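Engineer: Can you read through this structure? Questions will come right after.
Every number in this text was worked out from the coordinates using simple rules, so none of it is lab data. These figures come from a predicted structure and were not determined experimentally. Here Cβ is always computed from backbone atoms with ideal geometry, including for glycine, and neighbour counts include all displayed protein chains.
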Amino acid sequence: MASLPKRIIKETERLISDPVPGITAQPHEDNLRYFSVTIEGPKDSAYENGVFELELFLPDDYPMEAPKVRFLTKIYHPNIDRLGRICLDVLKNNWSPALQIRTVLLSIQALLASPNPNDPLANDVAEDWIKNEKGAIAKAKEWTKLYASKK
Amino acid sequence: MKKDPIDATGTNGSRSFNRDIAEIPLANSDHTIPKNNNALRNNSNQSNLSTLSGKSSNNPFRIKLELQQPTPFTPDNLAEEQEEPDSDFEIDEDELFSDDDDIFINNLDQSFNDLNISTSLNDNKIINEGGVPNLKYDCLTTNELYDRMLLRVEKIKPILDISKDDIILLMQRYNWNEEKLLESWADQREHIIEDVGLSSNNDGTNKFKNNNPFRDNSLQSRENYLCPICYEEKDCTTFKLECNHEFCTDCYQRYIKNKLSDGNIITCMSCSLALKNNDIDIIMGNNDSSNILMNSSIKSFIQKNNKAFKWCPYTDCQCIIHFKDTLYLSEFKRLHCSPFVTCKNSHKFCFSCGFESHSPADCDITNAWVKKTRNESDYLNWVLSNTKECPKCNVNIEKNGGCNHMKCSSCKYEFCWICDGPWAPHGTSYYECTQYKNEKDKDKDSNSSNDDKKLKKFTFYYRIFNEHEMSAKLDWKLGQTVSQNVYQLQEKLGLSWIEGQFLTDSLKVLNEGRTALKWSFAVAYYSDQSHNLTKIFMDNQALLSHAVESLSEMLTEKNPKILMEKKNEFFNKTGYVENRKHALLECGRDLLCKGICKPK
Ligand SMILES: [Zn+2]
Ligand SMILES: [Zn+2]
Ligand SMILES: [Zn+2]
Ligand SMILES: [Zn+2]
Ligand SMILES: [Zn+2]
Ligand SMILES: [Zn+2]
């Protein structure tokens, strides 16, 4: 494997030495571009008390290309589909090399705090969300309990 | 040099005919095939290619020559391109395309008309491809399109009173629609300036209002510079816009390279301030980069306006057809004919569906046919393979050579490879076979299921369709040889280029006749077999087939000298093919208009 770019080394160091509250990101020893991530559900959201596991991968062209992030824990959210893929602008068109792993994870945390059913990835979930927000939130809470409980 | 070949040909003609024909090269180099070959080509034709290429010599049906390689039907790109364009997007076409274009188009129309008349020898044939309004279109390359865009930029420059690079950014943002741009400009100038990235939020619009006289966006040499993107601390050159976000050029170059193909505005890596073409070229150290970006931008413009603009579907052809009046398209559909256009490289295709010239079939029949062949591709693959069971004793027989007259090695049964019927009634007339008779079939297959029969019927038509496609391909190769021979002869005898043009003409007509014949089998397949008009249509198929055959036979002549001597005969036969083709096309359109032929 080619030597790790300074940029990635610096980011990794800072993620570990100065972690974001509620977020952990640990690179794999055998592949330093691959991170195991956990995000705690934000307070007062449907995901409160849940701990969500994600995987994050830095492609060869990082930071020119956005990191690839995916939820591993099942989650009921209008912007996250069954495969855990996330609909988030900074992961797509609005990615800029000036952004970092840290900012991406913070954005995901923010997405948990305020779902956006008008820009859905999981259409059925988003429909639920718009039609019956209370019911959808209840379901999201249920799923959080079911799949994302702290062990 | 002989300047006037009209006397020699003994036909009508005009000066423009000579001129225009002469511009079509004999050995046409456009032997490319459409970019997106369909599944059929990929799947099923693989095997039949080898089958059919083996049978060139002794098949009396085979046409020997063609002008250019016939195009297999079906570029797939139509499906991708047919998404609705932005509904609110309208171009002022007159603005966009000046009067010169009309002149160009008129010339083009003229040359095509001349071509038709010259080859048909038939003055009363005024309609081209079925009596619809004349097509108004324009053939451009991306570069030409971009040049026109630049002209538009120049036009609105005095109105906006900003630099050309700035306008290009605005135009990119507004999909090259200056009307929309000017409208927004009048209403919400400040907003646009920010939105496009001509000024950043923090700085306000002040800098912009000064027309950026202090924009200090050149490269700088720095020592021990810590770039906030790569985190490398090094001696390097850097670049920054007026936002003062400074990065090393290595990072900037990587960043820009990644974005050139999108055709979107490229911004500072840290904020929304836009890099202008000039900035991009400074960073990249060349002029190509902004050209690539503009090219991509034009491409996305075309994609977004795919109702009026279409790429030529042929491989490596950079032509763009700009359709002037898209309202006509529905008229074409209603009349069951199709808007065939020809690019500057003489590639002819249907503007509506993107397939090759497919008359007498209309776009619906064409699509139904293509879809069906795709669905049955596995089966067809098998059918078109080299082996077949003897219809009598079921022994496997391998087809070798081109002849369709099969003789079972086991039971000595003689049958037709195309229709499985006994050979005897075929006699020497290969064409008898296209007279697919349901009645005959009923007697023969009274036991087999309906589905089976239907598939058989389809297979039969597909076989012949395919036959024509494949032979046309072989013919193209032969055509090249003949062209070369004639060319050499011309050199040797000092004949003018014009002298050999009748061959070009014949090859072209032959090609078109072949293509029409090919697609006529799609029409025949979807036609009510019991209807009298269908029978007439089939008679017309037979007549065209014979005409084509007879012309092709003449082109098998290897001696170029003899070829040249037969000029008048060529002219007559070519005209005859042209007439027969038009009769068939008209008859096919009749079938469609009367609902006797419809996709099922
Ligand atoms: Zn850098
Ligand atoms: Zn900036
Ligand atoms: Zn072309
Ligand atoms: Zn068509
Ligand atoms: Zn047999
Ligand atoms: Zn037959």
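Engineer: What is the gain in length, in nm to one decimal, between B:SER221 and B:LYS136 on full extension, counting 0.36 nm per residue of separation less the C-alpha to C-alpha distance? Please report the intermediate quantities before stating the final value.
Structural biologist: Numbers: separation 85, 0.36 × 85 = 30.60 nm, distance 5.52 nm.
Full extension from B:SER221 to B:LYS136 adds 25.1 nm.
Engineer: Mind listing the long-range amide H neighbours of B:TYR225? Cut-off is under 5 Å, sequence gap 5 or more, other chains count too, H placed in the peptide plane at 1.01 Å from N.
Structural biologist: Distant-sequence amide H within range of B:TYR225: B:LYS234, B:ASP235, B:CYS236.
Engineer: Same structure again: In peptide B:225-232, how many Cβ atoms from other protein chains are near each Cβ within 10 Å, on average?
Structural biologist: Values: counts 0, 1, 2, 3, 6, 7, 8, 4.
Partner Cβ neighbours, averaged per residue: 4.
Engineer: For region A:1-41, treating each Cα as an identical point scatterer without solvent, what Debye log10 I(q)/I(0) comes out at q = 0.13 1/Å?
Structural biologist: -0.28
Engineer: Follow-up. Which GluC sites (Glu not before Pro) in region B:464-543 pass both tests, a DSSP loop state and at most 10 other beta-carbon atoms within 10 Å?
Structural biologist: Numbers: sites: B:GLU467, B:GLU469, B:GLU491, B:GLU499, B:GLU512; in loops: none.
Nothing satisfies the criteria.
Engineer: Right, next: Can you compute the radius of gyration and Dmax for region A:6-148, using only the Cα atoms, both in Å?
Structural biologist: In Å, with Rg to one decimal and Dmax whole: 15.1, 48.
Engineer: Now for a different question. What is the spin-label model distance, in nm, from A:GLU48 to A:ILE16 if the labels are put 7 Å beyond Cα along the C-beta direction?
Structural biologist: 3.4
Engineer: Taking neighbour counts of Cβ atoms within 10 Å as a proxy for exposure, in what order, fewest first, do B:LEU198, A:LEU56, B:LEU151, B:LEU327 appear?
Structural biologist: Least to most surrounded, the residues fall as B:LEU327, B:LEU151, A:LEU56, B:LEU198.
Engineer: Here's a follow-up. Taking chain A as the reference, fit the longest principal axis to its C-alpha atoms, fit the long axis of helix A:6-17 to the helix C-alpha atoms, and give the angle between the two in degrees, 0 to 90, nearest 10.
Structural biologist: Tilt relative to chain A: about 60 degrees.
Engineer: If you average over every viewing direction, what projected area does the convex hull of the Cα atoms of region B:529-595 give, in nm²?
Structural biologist: Details: hull surface 18.7 nm².
Answer in nm², one decimal: 4.7.
Engineer: Using Cβ contacts closer than 10 Å as the measure, can you line up B:THR249, B:THR373, B:THR481 from fewest to most?
Structural biologist: On the way: B:THR249 19, B:THR373 25, B:THR481 13.
Fewest-to-most ranking of B:THR249, B:THR373, B:THR481: B:THR481, B:THR249, B:THR373.
Engineer: Measuring from label point to label point, each 7 Å out along Cα→Cβ, what is the B:LYS257 to B:ASN278 span in nm?
Structural biologist: Distance between the two pseudo-spin positions: 2.6 nm.
Engineer: Also: At B:ASN394 and A:ARG85, where each label point lies 7 Å from the Cα along Cα→Cβ, what is the point-to-point distance in nanometres?
Structural biologist: Taking the two extended label points, one gets 5.0 nm.
Engineer: Now for a separate question. Of B:LYS304/B:LYS372; B:LYS392/B:LYS473; A:LYS92/B:LYS304, which sit over 23 Å apart, Cα to Cα? Can you show the working numbers first?
Structural biologist: Values: B:LYS304/B:LYS372 30 Å; B:LYS392/B:LYS473 33 Å; A:LYS92/B:LYS304 21 Å.
Exceeds cut-off: B:LYS304/B:LYS372; B:LYS392/B:LYS473.
Engineer: Using a Förster distance of 25 angstrom, determine the FRET efficiency expected from the C-beta separation of B:LEU335 and B:GLU179, and round it to 0.05. Can you show the working numbers first?
Structural biologist: On the way: r = 32 Å, r/R0 = 1.30.
After rounding, the FRET efficiency stands at 0.15.
Engineer: Please order A:HIS77, B:HIS322 by the number of other Cβ within 10 Å, starting at the fewest.
Structural biologist: Details: A:HIS77 29, B:HIS322 23.
Ranking A:HIS77, B:HIS322 by Cβ neighbours within 10 Å, fewest first, gives B:HIS322, A:HIS77.
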